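Below you'll find the structure, written out as structure tokens, and then a few comments.
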Amino acid sequence: MPHSFVIVHGAWTGGWSWERVIGRLHAHGHRAFAPTLSGLCERRHLAGPAITLTTHIDDIVNEIEFKDLSEIVLVAHSYGGMVAAGVVERMPDRIASVVFIEAFIPEDGMSFADFAPGEDFSSAMIDPPPTAPGEYLREQDRAWVDSKATPQPVGTFTEKLKVTGAYQRVPKKTFVVATSGVPFGETLDKFRADPGWTIRELPCGHDIAVDLPDELAELLMAAA
């Protein structure tokens with residue numbers, strides 16, 4: 001049965017970073033959408049102080065509403081976990097499955113900046129952090145990602161989100177961790193102890209959609 005996937009990309013990037021996975025989902029007959037969030041990459045001309053976390057939540061909510069999507073598999077990578085948590089609060093009845101991929105999931109009143117207490121969020125635009133050799137399985141992918149990454153409006157990182165934990169009430173829940181990615185020990189321990197969650201691990205770095213698109217596409221289809 002075909003499914004509808006809505007993908008929320010991570011910080012400093014865009015929907016282009018999910019092209020490999022989307023192509024594989026389409027090849028299996030599914031619908032898949034990865035809109036670039038306002039102020040980033042091909043939408044960088046919109047960047048400015050008015051762009052906040054709420055703007056990014058609106059981006060995804062409107063994508064779902066105007067494409068008349070339902071029974072969605074909502075996929076969120078890294079910073080995208082903040083956005084997805086807000087989307088589920090707004091339209092819980094549209095989401096059948098949620099897949100958090102190396103994602104930051106906020107408690108009520110948290111911002112992305114709360115997950116990075118040592119970082120400087122004083123500028124209007126936050127530059128993408130430099131990538132290091134070995135961060136990607138293929139060096140040419142690291143160069144490709146670096147060439148397309150763009151600064152991100154600070155309001156998307158500093159706005160505190162009001163949530164009730166609606167994502168916990170989604171029928172199917174999956175958390176995906178990369179064995180060479182960002183440490184998510186506390187989150188993993190909590191979800192492993194919860195029978196409502198499925199934990200999956202993939203042998204790559206943080207940017208799984210770039211490193212292992214075949215394996216990730218198969219995992220997403222299983223999560224549907």
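The values are calculated or read from the model by the stated rules, or taken from the named source; none is laboratory data. No experiment lies behind these values; they were computed from the predicted model shown. A quick note on method: Cβ atoms are made from the backbone with ideal geometry, for glycine too, and the neighbour counts reach across all protein chains shown. Ligands, DNA and RNA are excluded from the accessible area calculation, which covers all protein heavy atoms including side chains. Shrake-Rupley method; radii C 1.70, N 1.55, O 1.52, S 1.80 Å.
With assigned to a strand (DSSP E or B), surrounded by 20 or more Cβ atoms within 10 Å (Cβ to Cβ) and at pLDDT 95 or above as the only criterion, which of 100, 104 stands out? Working first, answer last.
Details: 104 fails: assigned to a strand (DSSP E or B).
Going through 100, 104 in turn, just one is assigned to a strand (DSSP E or B), surrounded by 20 or more Cβ atoms within 10 Å (Cβ to Cβ) and at pLDDT 95 or above: 100.
Does residue 179 meet the test of being modelled with pLDDT under 95, open to solvent by 70 Å² or more (accessible area, probe 1.4 Å) and among the β-branched types (Val, Ile, Thr)? Walk me through how you get there before you give the answer.
On the way: modelled with pLDDT under 95: yes; open to solvent by 70 Å² or more (accessible area, probe 1.4 Å): yes; among the β-branched types (Val, Ile, Thr): yes.
Criteria met by residue 179.
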Worksheet entry | In the stretch 33-67, the residues that are without any contact (Cβ under 8 Å) to a residue 60 or more places away in the chain, charged (D, E, K, R) and over 20 Å from residue 89 (Cβ atoms) | 42, 43
Item to complete: Considering each of 49, 2 in turn, give the residue that is under 17 Å from residue 150 (Cβ atoms) and open to solvent by 20 Å² or more (accessible area, probe 1.4 Å).
Response: 49
Worksheet entry | Matching residues, the stretch 148-173, being open to solvent by 20 Å² or more (accessible area, probe 1.4 Å), assigned to a helix (DSSP H, G or I) and more than 15 Å from residue 104 (Cα to Cα) | 148, 169
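Condition first: assigned to a loop (DSSP other than H, G, I, E, B), open to solvent by 70 Å² or more (accessible area, probe 1.4 Å) and either free of Cβ contacts under 8 Å to residues at least 24 places away in the same chain or in contact with a Lys or Arg (Cβ under 8 Å, 6 or more places away or on another chain) (or both). Can you find one or more residues in the stretch 10-32 that meet it? Step through it out loud before you land on a result.
As a first pass, look at the stretch 10-32 and keep what is assigned to a loop (DSSP other than H, G, I, E, B): 10-14, 28-30.
Among the residues that remain, those that are also open to solvent by 70 Å² or more (accessible area, probe 1.4 Å) are: 28.
Those left that are additionally either free of Cβ contacts under 8 Å to residues at least 24 places away in the same chain or in contact with a Lys or Arg (Cβ under 8 Å, 6 or more places away or on another chain) (or both): none.
The answer is no; no qualifying residue exists.
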Item to complete: Within the stretch 70-90, identify whether any single residue is free of Cβ contacts under 8 Å to residues at least 40 places away in the same chain, open to solvent by 10 Å² or more (accessible area, probe 1.4 Å), farther than 26 Å from residue 108 by Cα and not aromatic (Phe, Trp, Tyr), and answer yes or no.
Response: no
Discussion item. Going residue by residue through the stretch 123-136, is there one that turns out to be open to solvent by less than 20 Å² (accessible area, probe 1.4 Å), within 25 Å of residue 38 (Cβ to Cβ) and modelled with pLDDT of 95 or more?
Written reply: yes
Worksheet entry | The one condition in (1) open to solvent by 60 Å² or more (accessible area, probe 1.4 Å); (2) assigned to a loop (DSSP other than H, G, I, E, B); (3) of a type in the set (Gly, Ala, Ser); (4) modelled with pLDDT of 95 or more that residue 118 fails to fulfil | (4)
Worksheet item: Can you pull out the residues in the stretch 4-41 that are hydroxyl-bearing (Ser, Thr, Tyr) and over 12 Å from the mean Cα position of the chain (by Cα)?
Response: 4, 38
Discussion item. So the check is Cβ under 6 Å with 6+ separation or different chains; which pairs have a first residue in the stretch 178-202 that's outside any loop (DSSP other than H, G, I, E, B) and a second one that's open to solvent by 70 Å² or more (accessible area, probe 1.4 Å)?
Written reply: 199/192; 201/179; 202/215
